[in-house]
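Okay, structure first, notes after.
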Amino acid sequence: MKRTYLLISCAFVLFSSQAQTSKKMPVPMTGRKITVYTTADKTDLRLSKSADISFQEFKQPLETEPSVFIDPTTTFQTIVGIGGAITDAAAETFAKLPKETQQELLKAYYDPTNGIGYSLARTNMNSCDFSSDTYTYVADNDKELKTFNLAHDQQYKIPLLKQAFAAANNKLSLFISPWSPPAWMKDNNDMLHGGKLKNDYKQSWANYYVKFIKALESQGIPVWGLTVQNETMAKQKWESCIYTAEDERDFIKQYLGPTLQKNGLGSKKLMAWDHNRDLMYQRAAVILKDPAAAKYVWGIAFHWYETWTGSGMLFDNVKRVKEAFPDKNVLFTEGCIERFSLDRINDWSLGEKYGRSMVNDFNNGNAGFTDWNILLDEKGGPNHVGNFCFAPIHADTKTGKLMYTNEYYYIGHFSKFIKPGAKRIVCSFTRDNLLSTAFINPDGKIAVVVMNPSDKEIAYHLCMNGYGAAATSLPHSISTIIIE
């Protein structure tokens, strides 16, 4: 069989049952249209159409022959979306750009045809490290929240949120996350450096979420969901607040859950934890084994930063939560490469971390992916505590030009082709340097992602239902195969 240079190879082509009708004869496997899109290091391929391939009858592969096996008859979690965070830093950087560059950015992220079709977004409630200052929406000691207003966000963040929704044809699911309550609500009297929410202010803080959600929606910005607290066990030099598992459980069941319900917001997707994979099972078990708390919780949110502590990426913990609580969701809500350096803007390893994380998390039950800042400046900020990081796209605010890292393309191999409502299907690979995952979209098209992080080309078979295609995966590449 003819070998093709693409990064992914075969798949399978069956329309889903929704896509077939009794009046149509199924298209033979050998007649299915299969298109491959590839991004590869040391080439010009960037989400580029690289090949059209077709299935052939295929015999049992030998164990010495690398293979990827697809089975669309078994489905798993439903995907809610893929996207990134619209923070103060992203919005402030965006505002410094010429109009044509702003439009380039919006199209790059939110246009499903000419961009990568982001469908999920996150934004901060009160300030976070990626803000130029520390702020809240109320005056000090205003327990009744009578002074609550979004004047701070009207300058940068709300205009960008509105433009993002418009660019995505309003097909954008937005969730909110707080980094800290106001300082006067906390036992350390400081929005930074951890601290805990005082008992006397728990109801007031629960009311704060309602105020924020309703204020955004009054601006024409619908809110899909929320997390209880960003990084609930991190004492940071920036905005942070500590909740033990028991603290978070009790706050959900006694305050936040009932308050959302009482104010007509019970349908919002409430997520707990919002921190790393390392402790996510312990947190999920404490909260979700309590029926009074679990009834309010849509899922467990998680990040990837345990990598930097030397504990590895701990993908199995995602699987453990999903297996133990199959009626709940797990959702990746933040990740980025830290310690920004302009010298590394073209470092290929940036995107490969994303690809490895996304393949493994999806294969372990993850329902979606939210990157951190969608845009940062040429210094990796702005950031009021010097925590400069990478984003998929950086702006040179002096020249008004955008700089695309390969993170953008690696994420795009998922976000452009895997739509909200898609279901993951079986994808089994026989080599650890042939990372792959697969999905069937609501329209019946199948998307298979294959990543090769090694220095060598890998010849392999992509197999399904007695049919297969032979291909060669380029070194340091990622491909998406679409089967129609």
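Observations, loosely collected:
- Helix 202-218 vs. the chain, principal-axis angle (Cα, 0 to 90°, nearest 10): 60
- Rounded tilt (10° steps) of 99-110 against the dominant C-alpha axis of the chain: 70
- Burial ordering of Arg32, Arg431, Arg249, fewest other beta-carbon atoms within 10 Å first: Arg431, Arg32, Arg249
- Spacing of the two label points (7 Å from each Cα toward its C-beta) at Asn433 and Asn465, in nm: 3.3
- Ordering Pro98, Ile53, Thr43 by Cα displacement along the dipole of the range 23-112 toward the positive end leaves Ile53 in first place; charges were set at the Cβ atoms of Lys, Arg (+1) and Asp, Glu (-1).
- Partner lysines whose Cα lies under 24 Å from the Cα of Lys353, excluding those fewer than 8 positions away in the same chain, are identified as Lys42, Lys49, Lys319, Lys322, Lys379, Lys416, Lys419, Lys423, Lys456.
- Charge-dipole axis of the chain as Lys and Arg at +1 and Asp and Glu at -1 on Cβ define it, positive-most pick from Gln282, Val330, Asn199: Val330
- Unit charges at the beta carbon, dipole of the chain: most positive-side option, Phe251, Pro112, Pro178: Pro112
- Scattering profile of the range 81-415 at q = 0.06, 0.10, 0.11, 0.13 Å⁻¹ [log10 I(q)/I(0), Debye over alpha-carbon scatterers]: -0.18, -0.54, -0.66, -0.95
- Taken about its Cα centre, the range 81-415 carries a charge dipole of about 780 debye when Lys and Arg each add +1 at the Cβ and Asp and Glu each add -1 at the Cβ.
- Taking Lys268, Lys162 and counting other C-beta atoms within 10 Å, the order from fewest to most: Lys162, Lys268
- Euclidean distance of C-alpha centroids, the range 184-263 and the range 428-484, integer Å: 42
- Summary of the geometry: the range 343-393 and the range 50-77, compared by the centres of their Cα atoms, lie 30 Å apart.
- Neighbour counting of Cβ atoms within 10 Å sorts the residues Asp71, Asp44, Asp455, fewest neighbours leading, into Asp44, Asp455, Asp71.
- Ellipticity at 222 nm from helices only: DSSP H runs of n ≥ 4 in the chain, each -39500 (n - 2.57), divided by the residue count, give -6500 deg cm²/dmol.
Values in this text are rule-based calculations from the coordinates and carry no lab data. This one's a predicted model, so the numbers in the text were calculated from it and none came from an experiment. Cβ coordinates were reconstructed from backbone atoms using ideal geometry, including for glycine residues, and neighbour counts include every protein chain displayed.
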